Amino acid sequence: MMTRCVKAGALHRRAFAAALVAAPALWLGARAQPAAARIATPSQTEGPFYPVRLPADADHDLLRNGRLSYGGGQPVWVDGTVTDMAGRPVRGAQVEIWQSDADGHYHHPGDWGRADAAFQGFGRVAVAQDGSYRFRTIRPVPYAGRTSHVHFKVRLGQRELLTTQLYVAGDAGNARDPVWRGLSEAERSAVTVPFAPGADGLLARFPIVVAV
């Protein structure tokens, strides 16, 4: 009986030692797995309503146009980062957004000048050193032929790196929108984000990845 116990104990110690030797190899193997591939934010049409003339007030806050304050729609903070395909911030980049007011009208001659004068409609910011940007605007609304969306453009000096559109996750109009439907599943995921309740209105996070 004593001999069998000694042998069993020895086998147990050898198995335990083998497990300790194998564990680092398994851990290193898990660490060696390649990271998920980053995809560039898909390019989309600029559309017909990019401003013909930029407004005198073209800062980050689209709810204030000069001395006027806009009270329509649902206020939202839209923020994110601009990075390259390696995840590095694109320092020096500028981000522009433009969109319709809460009644679906743009500040553009093609929309017959029906947009609310208090809504700035266009904004431009320089990204921070970490690539971050932020805008104060409204949750986009649908209008004839289009689902809810915000237009984005990224510039670096004289270069235009990207023109795209941001969509609202769960919006019923997405599946009927020809521009959104033209994207692959991965591309839709890259430009369709939740507009979720935040501390100060809604919050939408939109990371932008560009091939510099």
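All of the numbers you see were taken from the coordinates with simple rules; none came from a lab. This one's a predicted model, so the numbers in the text were calculated from it and none came from an experiment. Neighbour counts run over all protein chains shown; Cβ positions are idealised from the backbone, glycine included.
So here's what we get for this one:
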| read-out | value |
| --- | --- |
| Efficiency of FRET from Cβ geometry, ALA169 and ASP79, R₀ 22 Å, rounded to 0.05 | 0.90 |
| Alpha carbon convex hull of the range 65-212, projected area averaged over orientations, nm² | 9.6 nm² |
| Cβ crowding within 10 Å averaged over residues, with 194-203, 92-101, 79-88 ranked highest first | 92-101, 79-88, 194-203 |
| Residues in the range 186-210 reached by a label modelled at ARG88 [backbone nitrogen below 17 Å; 7 Å Cα→Cβ] | 209-210 |
| Evaluated at q = 0.25 Å⁻¹: base-10 log I(q)/I(0), Debye formula over Cα of the range 49-119 | -1.21 |
| Estimated vicinal HN-Hα couplings, Hz - the range 119-135 in sequence order (Karplus 6.51, -1.76, 1.60; Gly, Pro = x) | 8, 5, x, 8, x, 9, 9, 8, 6, 6, 4, 8, x, 7, 9, 7, 10 |
| Computed FRET value (nearest 0.05) for SER132 with TRP112, which takes r as the C-beta separation and R₀ as 41 Å | 0.65 |
| Cα gyration tensor shape for the range 170-212, rounded if a/c is under 1.5, else prolate or oblate | oblate |
| Span from the the range 173-212 Cα centroid across to the the range 128-145 one, whole angstrom | 10 Å |
| Note, ³J(HN,Hα) from phi for the range 160-175, Karplus 6.51, -1.76, 1.60, rounded to Hz, x at Gly and Pro | 9, 7, 6, 10, 8, 9, 9, 10, 8, 4, x, 5, 4, x, 4, 5 |
| Two-site FRET efficiency, LEU68 against ALA196, from Cβ-Cβ distance with R₀ of 22 Å, rounded to 0.05 | 0.20 |
| Net charge over other residues, Cβ less than 13 angstrom from the Cβ of ALA211 (K, R count +1; D, E count -1) | +1 |
